[in-house]
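The values are calculated or read from the model by the stated rules, or taken from the named source; none is laboratory data. A quick note: this is a predicted structure, and the numbers were derived from the prediction, not measured. All Cβ positions, even for glycine, are placed from backbone atoms using ideal geometry, and neighbour counts span all protein chains on display. Protein only, heavy atoms only, side chains kept; ligands, DNA and RNA dropped before computing areas. Shrake-Rupley method; radii C 1.70, N 1.55, O 1.52, S 1.80 Å.
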Amino acid sequence: MKALDTNILVRYYTQHDPRQAKIALRILKEEEALFVPRTVLIELYFVLRYGKQYHFEPAQINAVLQHLVGLVNVTIEQADAVETALRYHQQGIDFADALHLASSQHCSALLTFDDRKFARRARRLGLKPAVTVPSA
């Protein structure tokens, strides 16, 4: 099994560099077993969403991630949490926040200082665990 770095996936999904995109396509089609760490998914999200060249919309990113998760030769680290995060993302939660929340299912709460919008939306959607902004 070989692990994939973010740049392989960026080239595959954006076709930004035709030579590298061709290599990335071959890797994703021909390698028997590939592994994608959750950290690579978060980085992929940020590159596609906020990178200088790309600015993918949330729905486009969700489609990319759904496609990647669906590839039969690709194993995603904590795939259940990633699939939960994708559902949360479709409901309007930032993907990175959604993955943090989905990976924290065994906890009673996810604490955050700066993301009140995330806390409100998660509460409104009834997502668990509760997203809480601690106070003094």
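A few points about this structure:
- The set of residues in region 91-109 being hydrophobic (A, V, I, L, M, F, W, C) and in contact (Cβ under 8 Å) with a residue 24 or more places away in the chain consists of ILE93, PHE95, ALA96, LEU99, LEU101.
- Consider region 95-136 and keep the residues that are small (Gly, Ala, Ser) and part of a helix (DSSP H, G or I). The one that is farthest from GLN60 (Cα to Cα) is ALA119.
- Search result, residues across region 29-57 that are assigned to a loop (DSSP other than H, G, I, E, B) and among the polar types (S, T, N, Q): GLN53
- Exactly one residue out of GLU57, GLU43 is charged (D, E, K, R), modelled with pLDDT of 95 or more and either within 26 Å of PRO129 (Cα to Cα) or open to solvent by 10 Å² or more (accessible area, probe 1.4 Å) (or both), and it is GLU43.
- Here ALA81, ALA21 are screened, and the one residue that is open to solvent by less than 50 Å² (accessible area, probe 1.4 Å), over 19 Å from ASN7 (Cα atoms) and either of a type in the set (A, V, I, L, M) or not in a loop (DSSP other than H, G, I, E, B) (or both) is ALA81.
- The single condition among (1) buried (at least 20 other Cβ atoms within 10 Å of the Cβ); (2) assigned to a loop (DSSP other than H, G, I, E, B) that GLY92 does not meet is (1).
- When PRO134, PRO129 are screened for being touching a Cys at 6+ places or on another chain (Cβ under 9 Å) and either at negative phi or not aliphatic (A, V, I, L, M) (or both), only PRO129 passes.
- Pairs where the first residue, in region 58-73, is outside any helix (DSSP H, G or I) and the second is of a type in the set (A, V, I, L, M) and surrounded by 16 or more Cβ atoms within 10 Å (Cβ to Cβ), C-beta under 6 Å, 6+ apart: ASN73/LEU34
- The numbered conditions (1) in a helix (DSSP H, G or I); (2) surrounded by 15 or more Cβ atoms within 10 Å (Cβ to Cβ) are all true for ARG26 except (2).
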